[in-house]
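These notes concern the structure reproduced below.
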Amino acid sequence: MVNRVPLLAGNWKMNKGPLEAENFVKDLASTIHDNESLSKAVKARIVEIGVFPPFVSLERAKKGIFISGIPMSLGAQNMHWEDNGAFTGEVSGEMLKEVGCKYVILGHSERRHIFREKNEMIGKKMKKALSIGLKSILCVGETLEERDGGITESVVEEQLEEAFRGLTGPLNQEGNVIIAYEPVWAIGTGRKASDEDAQRMCLFIRKFIGDKFGFTAAQNVRILYGGSVKPDNTKGLMSQADVDGALIGGASLDVESFLGIVKNTIDVLL
Ligand code: PEP
């Protein structure tokens, strides 16, 4: 029996500077602390809460987590594939590790579409993250046009193929890769994919991992859904067999709504 602990990952995007990040983490933690059953579940690591602040806020967020004593994971929203060098404006994986990151989001649709990141670049980042022990959250997902064109699966398959090109394994020995299915049309639009669609695509991704890296990798890999997740749509989503958590944008910026998602996830699990 595989136990994939759901990850609820708050992607703050370009929100919350250092002070606000530290205060937010402390507020989140103290609200958890004050609720006995919630605090017990989070401390028992029934779910994993992750926060993904902007680069400049990572250190203060880490401090807030440390002071609070409530388990929370820290991650960054992007990285470069080289360790250092003439790459103005970029940050390396080693730097993220040094500041205390466990995770890095790679290939978010905003990186792909606004900053023109190509599958090939994302593949290089994946390899680097794996090689230095930084766990990646690889985002894949189709645009509305691609969905309407009936090519959702082939788009996602190509994104996966390119991200894993040249990697033969072992994969997911220590949860080193997480995949987030994020249909682009659902991000920040208030239009969440149906639970059935989210399940279908997460299963599709699991099968891809199984074909490429074998049964154990497929059983162990955590696959998240992302796109307009809110407290009131969490239960249906988290009841799906192949959905192992959520990547949350807007609703992770507010303590009440982020915790609403955490609580509703715990309700489904207990
Ligand atoms: C995201 O940024 O990955 C995301 C899913 O955003 P939102 O929850 O706001 O749709």
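The values are calculated or read from the model by the stated rules, or taken from the named source; none is laboratory data. Keep in mind that this is a model prediction, so the values were computed, not measured. For neighbour counting, all protein chains shown are included, and Cβ atoms are generated from backbone atoms with ideal geometry for every residue, glycine included. Each accessible area value is taken on the protein alone, full model and side chains, heavy atoms only, with ligands, DNA and RNA left out. Shrake-Rupley method; radii C 1.70, N 1.55, O 1.52, S 1.80 Å.
Given the residues T143, T234, which is the only one that is polar (S, T, N, Q), crowded, with 20+ Cβ neighbours inside 10 Å and within 16 Å of the ligand (Cβ to nearest atom)?
Numbers: T143 fails: crowded, with 20+ Cβ neighbours inside 10 Å.
Answer to the check: T234.
Only residues that are open to solvent by 50 Å² or more (accessible area, probe 1.4 Å) and in a helix (DSSP H, G or I): list them for region 181-226, please.
Answer for region 181-226, where residues must be open to solvent by 50 Å² or more (accessible area, probe 1.4 Å) and in a helix (DSSP H, G or I): E196, R200, L203, F204, K207, D211, K212, F215, T216, Q219, N220.
Any idea how many residues of region 57-94 are more than 28 Å from E120 (Cβ to Cβ) and open to solvent by 80 Å² or more (accessible area, probe 1.4 Å)?
Of the residues in that region, 6 qualify.
Can you pull out every residue in region 215-231 that is touching a residue at least 40 places away in the same chain (Cβ under 8 Å), more than 11 Å from the ligand (Cβ to nearest atom) and out of contact with any strand residue (DSSP E or B) (no Cβ under 6 Å at 6 or more places or on another chain)?
Of everything in region 215-231, those that are touching a residue at least 40 places away in the same chain (Cβ under 8 Å), more than 11 Å from the ligand (Cβ to nearest atom) and out of contact with any strand residue (DSSP E or B) (no Cβ under 6 Å at 6 or more places or on another chain) turn out to be T216, A217, Q219, N220, V221.
Specify which of the listed residues (V243, V156) is assigned to a loop (DSSP other than H, G, I, E, B), within 16 Å of the ligand (Cβ to nearest atom) and not polar (S, T, N, Q).
Numbers: V156 fails: assigned to a loop (DSSP other than H, G, I, E, B).
None of the others qualify; the one that does is V243.
Is it the case that region 14-23 has a residue that's among the hydrophobic types (A, V, I, L, M, F, W, C), at pLDDT 95 or above, within 20 Å of L253 (Cα to Cα) and more than 16 Å from the ligand (Cβ to nearest atom)? Step through it out loud before you land on a result.
In the first step, residues of region 14-23 are kept if they are among the hydrophobic types (A, V, I, L, M, F, W, C); the result is 14, 19, 21.
Next, from what is left, pick out any that are at pLDDT 95 or above: 14, 19, 21.
Those left that are additionally within 20 Å of L253 (Cα to Cα): 14, 19, 21.
From what is left, the residues that are more than 16 Å from the ligand (Cβ to nearest atom) are 19, 21.
Within region 14-23 (the criterion being among the hydrophobic types (A, V, I, L, M, F, W, C), at pLDDT 95 or above, within 20 Å of L253 (Cα to Cα) and more than 16 Å from the ligand (Cβ to nearest atom)), the answer is yes, since at least one residue qualifies.
Among the residues of region 3-30, write down those that are assigned to a loop (DSSP other than H, G, I, E, B) and surrounded by 15 or more Cβ atoms within 10 Å (Cβ to Cβ). Steps first, please.
As a first pass, look at region 3-30 and keep what is assigned to a loop (DSSP other than H, G, I, E, B): 3-6, 12-17.
Scanning region 3-30 gives R4, P6, W12, K13, N15, K16.
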